[in-house]
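The next block holds one structure in the form of structure tokens; read it before the comments.
The values are calculated or read from the model by the stated rules, or taken from the named source; none is laboratory data. Computed from a predicted model, the values in this text were never measured in an experiment. Here the Cβ positions follow ideal geometry from the backbone for every residue, glycine too, while neighbour counts run over all protein chains shown.
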Amino acid sequence: MHATARRTLDAYDALGQDLGVYPPITSGYRCPAHNDATPGADPTSWHQVLGALDLGGDPQLLAQIIRRAPRHGYVSVRLNERKGYVHLAVLPERQGGN
Ligand SMILES: [Zn+2]
């Protein structure tokens, strides 16, 4: 497995253990064609190398994710309040993320 994808999934594993629940992944890997077809997706999105995951949940769970994600290796944590997910990346965002 690619090192970046490994870091992303290891961080997800550690976060899930910390939270006591594995939040649903609403967006994981996207091939470039799928990324292009995803409304609002950044053309340079780290989803294309599985450097980013979007996690869903109720507002309370999303708040917990935001608080704890940085401890587990996510360097970019971004809430999309309207759509109800948190975008997490193990690599710094170059542009808008998503
Ligand atoms: Zn995302």
The condition of being free of Cβ contacts under 8 Å to residues at least 60 places away in the same chain, of a type outside the set (Lys, Arg) and within 12 Å of the ligand (Cβ to nearest atom) holds, among Tyr29, Tyr22, only for Tyr29
May I ask you to list the residues in the range 1-43 that are hydroxyl-bearing (Ser, Thr, Tyr) and buried (at least 18 other Cβ atoms within 10 Å of the Cβ)? Thr8, Tyr12, Ser27
Restricting to the range 44-63, what's the tally of residues that are more than 18 Å from Thr8 (Cα to Cα) and surrounded by 16 or more Cβ atoms within 10 Å (Cβ to Cβ)? 2
Output the residue which, of all residues in the range 81-98 that are crowded, with 16+ Cβ neighbours inside 10 Å and within 11 Å of the ligand (Cβ to nearest atom), is nearest to Thr38 (Cα to Cα). Asn98
Expected single match for at pLDDT 95 or above, closer than 18 Å to Val86 by Cβ, under 11 Å from the mean Cα position of the chain (by Cα) and acidic (Asp, Glu) among Asp18, Asp54 is Asp54
Residue list for the range 46-65, filter: more than 14 Å from the ligand (Cβ to nearest atom) and free of Cβ contacts under 8 Å to residues at least 40 places away in the same chain: Gly57, Asp58, Pro59, Gln60, Ala63
